[in-house]
1. Could you give the length gained on full extension between residue A:143 and residue A:175, defined as 0.36 nm per residue of separation minus the Cα-Cα distance, in nm?
2. So, in nm, how far is label residue B:297 from label residue A:161 when the simple model puts each one 7 Å beyond its Cα toward the Cβ?
3. Using Cα pairs closer than 8 Å and at least 6 residues apart in sequence, work out the relative contact order for segment A:73-138, in percent.
4. With the Cα gyration tensor of segment B:45-177 in hand, convert its eigenvalues to equivalent ellipsoid semi-axes via √(5λ) and list them largest first in whole Å.
5. Find how many whole Å separate the alpha carbon centroid of segment B:280-346 from the alpha carbon centroid of segment B:87-157.
6. Full-extension gain between residue A:392 and residue A:132, please, as 0.36 nm times their residue separation minus the C-alpha to C-alpha distance.
7. Running Debye on segment B:134-266 with equal point scatterers at the Cα sites and no solvent, what base-10 log of I(q)/I(0) appears at q = 0.09, 0.11, 0.16 Å⁻¹?
8. By how many degrees, 0 to 90 and rounded to 10, does the Cα axis of helix A:380-397 deviate from the longest principal axis of chain A?
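What follows draws every value from the coordinates through simple rules; no lab data is involved. Given the structure is predicted, the values throughout are model-derived calculations rather than measurements. In this analysis, Cβ positions are derived from the backbone assuming ideal geometry, glycine residues included, and neighbour counts consider all displayed protein chains.
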Amino acid sequence: MTIADLVREASADLDSHVSSSADECLKCNVCNTVCPVLRVTDLFAGPKYEGPQAQRFRMARGQQIQGPSSSAVASPDHSVDYCSGCGWCTTACPAGVKIAEMNNQARARLREGKRPKLRDWGLGQTDLTGSVGVALSPLANFALGNGVVRAVMEATVGVHRKAPLPKFAKSTFASTWKRRGGERGTGKHEVPGPDAAVVYFHGCAANYYEPHVAEAAIEVLRRNGFQTIVPEQVCCGLPLISNGLYDDARGRARTNSDVLADYARRGYRIIGTSTSCTHTFKAEYEEMLDLHDDDTKAVAQATWDICEFLLDLHDQGRLNTDFGELDEDLPYHAPCQLRSHGIGLPALDLFALVPGLRARDMDHDCCGIAGTYGLKREKYAIAMDVGAPLFEKVKATGATAAACDSETCRWQIQSATGVRTRHPVEFLLDAYRAGDRAREHAARA
Amino acid sequence: MPHADVVVIGAGLSGLTAALRLAESGAVVTLVAKGHASTHWGSGGIDVAAPQGAHTPAQGVGLLGTNADHPYAFLGEDAAPAVGWLMERVAAAGLGYTGSLEIPIRRVPTAIGGTRRVAIVPAAQAAALRPWDRDEVLVVAGPAGYKDFWPAAIADSLARESVWHGADRPAHVLAVAVELPGLRERNNLNALELARRFDDPDRRTDDLDRIARAVHKAVGSRAGRVALPAVIGLDGHADAWADARARLTLEPFEIPLVPPSVPGIRLWRALRERIRAAGGRIQVGESVHRIEVVRRRVVAVEMEAATRVHRIRTDAVVLATGGIAGGGLVATGDGHVVEPLLGLHVDAPVFDAWLLREALDPAGHPIEAAGIRTDHRLHPLDPATGKPAIANVLVAGALLAGQRALRERSGDGIAIASGWRAARELTAETTRTPVGRAPATSRSAS
């Protein structure tokens, strides 16, 4: 073996680790130029310092850090907590340094061995808060809409009083689906093969807050010849990962993979309406949680964002394009999580197929919310400043509705602008229904 | 489905130029890049050619073009029209440039107190280009405690005659470090944060007045110019610069700094805005890992994505991936230089020739000129046949063989001329065989 071979082997090994990708850093500062948080506050020192530079301190004690739990060295200081995890730094880095991932692991390490703040723990448990909230929805929604309650929440728990908390649904999507006798993959009904059925992962948002997004997705899929299977599922675990609770997140990952991997192996595609959940399946179980088993891989390979899936159907000439005219100006915001998918902007490509739908990319980096970041008392103002130019642009369009693929971004935009913000599939369903009406009208005439 | 008439790979000056000209011609163009490129590292100026012995960039282009292996041998004629065209486009986005290929190359100060030879610079750097009058004073002024711009050290160095290489120079050089509120206690302050501070009209008025008072105190009524760090506004640069000129009693100019380069980011933003306005798409953060070729034609470009590749079908590719620094060329540990996407033949020295007798040989290192050989239409050549290795790929920018961009100060000119020509070649092709897809106006710029 030549020295060159040894070098190649060693560098291939290094490249695969988030932590050691710090060695690729050229110190060029490009990450700092795109960081939305650094743009508005100096509480955060910027991705270059928090990521590859601080990483040297973390690695300095002679310990090769493989994952969050193997290191005693947390971080030179606590400012890395102000990283929102939007991922722009990793996207812009010309040298392939996994900066956002590095910072996420550093945040987890900061919290290691300490009891999590009640708030961070609570914001991480979206399925628990969701179930309780839906069960008590009239009361919970009243309470969350009440200024006094919110002020108390801010003082005690640390969730900012103005932070955009969505309203709980009257009942969960999963229970409605079950009541209607929908297929939960239990074998009660004849389930079509993977060419005519897909697995739907509703995640927490569509389950507890926005069942109408799930309904729209299922109807759009039906109109494209796909029945929907909704297996038992729990939160994808992303809120836990963002709040540094990796062990809890691994539990969620295993529960989901136990059910979903079997479908994946049988050739079913797993479709999600939340770009965050689907990205967690695709990348974060392996990258952040260090899960490298076959089940995790099978789930990752089978997972699709719904717009990505529909656009792929179109690519094969299989998308139902019986869209009616919508005649609407539509501001669109591409969420950070979508960018991490690396799939372009499929929603815009789909909107371009709808006659009269004049969708326009708002071309802004981040709405600020970054999952649960902007809900926190000490970060709310930062999040609002990050999103401010986007809010101005959306308001300036004068449109009555906006589109965005990710739920927390939708809530942030809607709460900051007053413009109703919906998932792209909802507009596609509008267009199908407009098509129905046009055909009915033509048939009658 | 994603389909583009042309996929441009690389977000440096060559890729941006090609994408803009293609989008303006009505082609459906998508620019993909793994990250931000040289715009964020460079000075924001346009270095066309300043080899030893050239008095103007035009002369430099001619001089370099006499070497048959140099890109200017076939691209030289495009340098002036392409650069002029780009300066117009950038001006339309509110970012003025000064200079041309016909004016004398002059020495302007750098942020470490040296000088560099330029002829085309952003308007905010233009005052540095003018010859120095007999009694003129240069005041180097910057915020106190800012680690990327040390007025005292810069002024000390610029006071030495040798730094100016015999060119005319200011009679006196003074340093002024100005306390700006709230900056002293800041660590890790970078140029971009300062630039955003100057975007704020109230803040900058106060900052500029403080600088103006300090400069006036140092210079009195003597004539001269003020060198400022290149941080006078980012989004609001035009207004910030107008304020700086109005409030300072001496004429100011900006000195570009270490990365992140604010003048370079202004240029990137201006070009990005024009490309989007013309209907082009830009996707930064998508690393191309494979180009699919069928029967010596590219049919699709594939980017790394979470779990599965993201694919764009295309009729042509502009390969503007850069040289070794940009990742368009990769040097392996055993002395080979490869082009990783298409495996194009790279013109590079053999490993034995990498080790020179003299360190810093003034003739340069042979690896500097490594790159892809093309015909005059920018098709990469197969050395075995001397014919295009692939039908619908054009090569542009730092990837082209035969340039020694840093030594010749020719990189920006080659990038712009080759990007411009690549677009023209493809436009001519698509006119012959129309692709038949109008640009999607629905996603034009906001």
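1. 9.2 nm
2. 6.7 nm
3. Result for segment A:73-138 is 31 percent.
4. The answer is 30, 18, 13 Å, longest axis first.
5. Going from one Cα centre to the other spans 37 Å.
6. That pair, residue A:392 and residue A:132, stretches by 90.1 nm at full extension.
7. Reported log10 I(q)/I(0), two decimals: -0.24, -0.36, -0.78.
8. 40 degrees
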